[in-house]
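The values are calculated or read from the model by the stated rules, or taken from the named source; none is laboratory data. Note that the structure is a prediction, hence the values are computed from the model and not measured. A quick note on method: Cβ atoms are made from the backbone with ideal geometry, for glycine too, and the neighbour counts reach across all protein chains shown.
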Amino acid sequence: MKKTSDINETMSEIEENLPSREVLEQVLEGLLAAFREMPPKSPIFDPETGEQKLSEAFWFASEAHGAQKRKDGSPYITHPTSVAKLVIEMHLDEDAIRAALLHDVVEDTAIELDTIRKMFGDNVAEIVDGLTKISKIHFSSGKQAQHESVRKMLVAMTKDIRVIIIKIADRVHNMRTLQFQSPAKQLEKAQETLDIYAPLAHRLGMQKFKWELEDISMRYLHPEQYSEIEQSIKEKIAEIPDFFNTVEGLIEDSVQGLPFECRVKGRTKHVYSIYRKMLSQNKPFSEILDIFAFRIVISGTDPECFTILGRIHNSFRPIPGTFKDYISYPKPNGYQSLHTTVLKNGVPFEIQIRTEEMDAAAEQGISAHWKYKAGVTKSGDEADYAWVRRLVESFEEEDPDESIDTLKMDMFSDQVLVLTPQGDVRIMPTGATPIDFAYAIHSKIGNSMTGAKVNGAIVSIRHPLKSGDIVEILRSKTEKGPSRDWLNIIKTSEARNKIRLWFKQERREENITHGKASFESELKKSGFSLQEFTGADALPELLKKLGYPTADDFFAAIGYGGISSQRSLNKIREELLAAKKESLKAQLGAHGADLPEPPVPPKPRKNRSSMGVIIEGQDDCLVKFAKCCSPLPGDEIIGFTTRGFGVSIHRADCKNYIKSAQNAENNGRWLSAAWDMDSIKNEGFTAALKIFSMRNDGIVNDITSLLRSLKVRYVSIAAKDTPDGGAFTEITVADIKPEMLDTLTRRIGELDGVYRVDR
Ligand code: MN
């Protein structure tokens, strides 16, 4: 029990930690200044009451967060305030700005949504509610194909697109301050941003934020490549003296004398877009054409953009095939401009031509529409959101410029995305029931299921699940087992197999008989009899090694397919051999010493000399795979003659190769190479996986037992704890076939706490 004096001490401690009134007033003043500079252009904005309303939300939020602090030590309220400033920059309305100020209140403090509703109205409360819900979803990484679906679900779950925009602003601020988080958190957040939020910003046409999010993420995920590209850009700029001013001047000269204003502004394309181009086009930095972009924004009309284009092509040499007309054919996110790439002094750069209106739309995306919608409609709400709905619909369209993710969208059209009560996303086929869901999580959950709740209400076990449903499985303490008619209700083969397995395990006697027969024949193949196992003095030790309490349990496990006879025998082979020797010795007395060794059946050995690769002019040479780029079958590859370690295989787009090939010293050491697909199909190949997890206890064990259950051989495994309790694990697997590598990568990604798996 705490004494009163202690409590008083605690209270004053809290008070000491409270940010001072002056500090808070300064923060608020910064917000109001931003607001005055860029008042919302929405029809529902009332300049009279705006500042007052913002201040109320600010003081309410700062009181609610109290002594909470950001990781950098500043008062917590600085975060929602920064998010609100970004929302102001995006030209959103006053409700959105207030919701941004309040966005973490329900999630992180004792305040309930109803209080927000009473004080700030339904609109603000709905947005805060949407933001709170999203913050509870965990986007587990390592499941590439799911990202598009997760993004779509986010949008579908959110009735109000302002929720997504504020969420993006929230992420922008969190990424800007990511240096204060632990290294593991940094990697996790950076990956999630790249997978979920940057593409969302892109789809909403918010290019500026998309670029920023991508570049920050890349700085954490690929720091070396980031600084390398940054350095190359600097070197490129040095090729033309006073690069940006010079080229801007040249462009201005070429568009002289037109009856409208032209603004010219040059910039470097963002690092991540260059990086992605190098990867996808398999090109070194020197071959990437659009490192620089110059934008001409005109006060004229759409057709006048083409006039400018004519002038530009007169003054600069255009590179054939680079012209794109996004004015006549806007991108699905509404983006409009003319693009062309031209050359000056051997330096290529892209020129974008657009009107003021197109420019605003490109920079701020949908939020720019507020500006041009102003005064057009009545009292806000639904009518204002017609364009938002069109935008959401555009999510369904495919952008030819998009990454492969989009192409996978179709695969998910017959699937629903549901959430566990912890917020984990699960993909289920359309029509899946709570039973399917339970078995998808774990057989134990399915086998002990008694009922289910969807979104907090009890439903029938036949209830078809919808995207966005939060599903909770009600369970009995014991595994009472499935009911036979569940087999008629379920939709997934996973649930079917697991239910069948349960009934199989129930038929124990039958399983024991089958298992015994199977193990006996395995023993015979190796020159043992069943009696030598069941009658062995060491039987209890043998069973212990196999992991079963009795011989019947062991046979039953083989019988229902839980373990394989062959693997089990391998585990105890040495012991059986030793026992056999002993008993032969005993039978033959003194002559025992001269006995030949009992025959040991040969273990299958694979010819690993070629490792599935054919190399120009080399037969049977020593081959290893370069760690820097871990080539996989199907990748274009190239071999490098090392000094003394045979040939190391790199991907043709490996940056080390690109660098080294430019060095004349290495002439002749690079050999062309190709995969021997036939041998890979039969023999498999060697691959390395890098696994990032949020925990380090037992992760190696989980990975190795997964490897065992998939019967994948591994040649090395190394794990390193990260300072925040996570781990980085590297494994090298051998003789693995391409499909199995896919399965293995996916299954590791599904392990508890694993947030990223890289090949
Ligand atoms: Mn936040």
Please tell me if Lys737 is on the phi > 0 side of the Ramachandran plot and not assigned by TED's automatic domain parsing to the domain that holds Arg567. no
Tell me, please, whether a residue that is part of a strand (DSSP E or B) and closer than 15 Å to Thr729 by Cβ can be found in region 698-709. no
Residues that are farther than 22 Å from Gly468 by Cβ and within 11 Å of the ligand (Cβ to nearest atom): does region 111-127 have at least one? no
Listed residues Leu204, Leu178, Leu221; which is at pLDDT 85 or above and more than 16 Å from the ligand (Cβ to nearest atom)? Leu221
Looking at (1) touching a Gly at 6+ places or on another chain (Cβ under 7 Å); (2) over 17 Å from Arg695 (Cα atoms), which is the one condition that is false for Thr743? (1)
Identify, please: which residue in region 509-533 is surrounded by 13 or more Cβ atoms within 10 Å (Cβ to Cβ) and charged (D, E, K, R) and is, among those, nearest to Tyr548 (Cα to Cα)? Lys516
Take Ala84 and tell me if it is away from the ligand (no atom under 13 Å from the Cβ) and either at pLDDT 90 or above or part of a helix (DSSP H, G or I) (or both). no
Of the residues in region 523-558, those that are out of contact with any Phe, Trp or Tyr (no Cβ under 9 Å at 6 or more places or on another chain) and assigned to a helix (DSSP H, G or I) come to Lys524, Lys525, Gln531, Glu532, Thr534, Pro540, Glu541, Lys544, Lys545, Asp552, Asp553
Unmet requirement for Arg462, which otherwise passes all of (1) touching a residue at least 12 places away in the same chain (Cβ under 8 Å); (2) outside any loop (DSSP other than H, G, I, E, B); (3) not assigned by TED's automatic domain parsing to the domain that holds Glu582: (2)
Report whether or not Ala100 is of a type in the set (Gly, Ala, Ser) and modelled with pLDDT of 90 or more. yes
Matching residues, region 252-308, being over 18 Å from Ile233 (Cα atoms), out of contact with any helix residue (DSSP H, G or I) (no Cβ under 7 Å at 6 or more places or on another chain) and part of a helix (DSSP H, G or I): Glu252, Asp253, Ser280, Asp302, Pro303, Glu304, Cys305, Phe306, Thr307, Ile308
Given the criteria within 16 Å of the ligand (Cβ to nearest atom) and either under 16 Å from Ile165 (Cα atoms) or in contact (Cβ under 8 Å) with a residue 40 or more places away in the chain (or both), does Val106 qualify? no
Quick one: which residue in Lys690, Lys720 is without any contact (Cβ under 8 Å) to a residue 12 or more places away in the chain, part of a strand (DSSP E or B), closer than 16 Å to Asp758 by Cα and not assigned by TED's automatic domain parsing to the domain that holds Phe625? Lys720
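The rows are residues; the columns are (1) modelled with pLDDT of 90 or more; (2) under 22 Å from Ile111 (Cα atoms); (3) buried (at least 17 other Cβ atoms within 10 Å of the Cβ); (4) more than 16 Å from the ligand (Cβ to nearest atom).
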residue: Lys2; (1), (2), (3), (4): no, no, no, yes
residue: Asn8; (1), (2), (3), (4): no, no, no, yes
residue: Glu25; (1), (2), (3), (4): yes, no, no, yes
residue: Phe35; (1), (2), (3), (4): no, no, yes, yes
residue: Met38; (1), (2), (3), (4): no, no, no, yes
residue: Phe58; (1), (2), (3), (4): yes, yes, yes, no
residue: Ile77; (1), (2), (3), (4): yes, yes, yes, no
Within region 157-175, residues modelled with pLDDT under 90, outside any loop (DSSP other than H, G, I, E, B) and either within 11 Å of the ligand (Cβ to nearest atom) or touching a Gly at 6+ places or on another chain (Cβ under 8 Å) (or both) come out as Met157, Val163
Given the conditions (1) in contact with a strand residue (DSSP E or B) (Cβ under 6 Å, 6 or more places away or on another chain); (2) surrounded by 14 or more Cβ atoms within 10 Å (Cβ to Cβ), every one holds for Ile703 apart from (1)
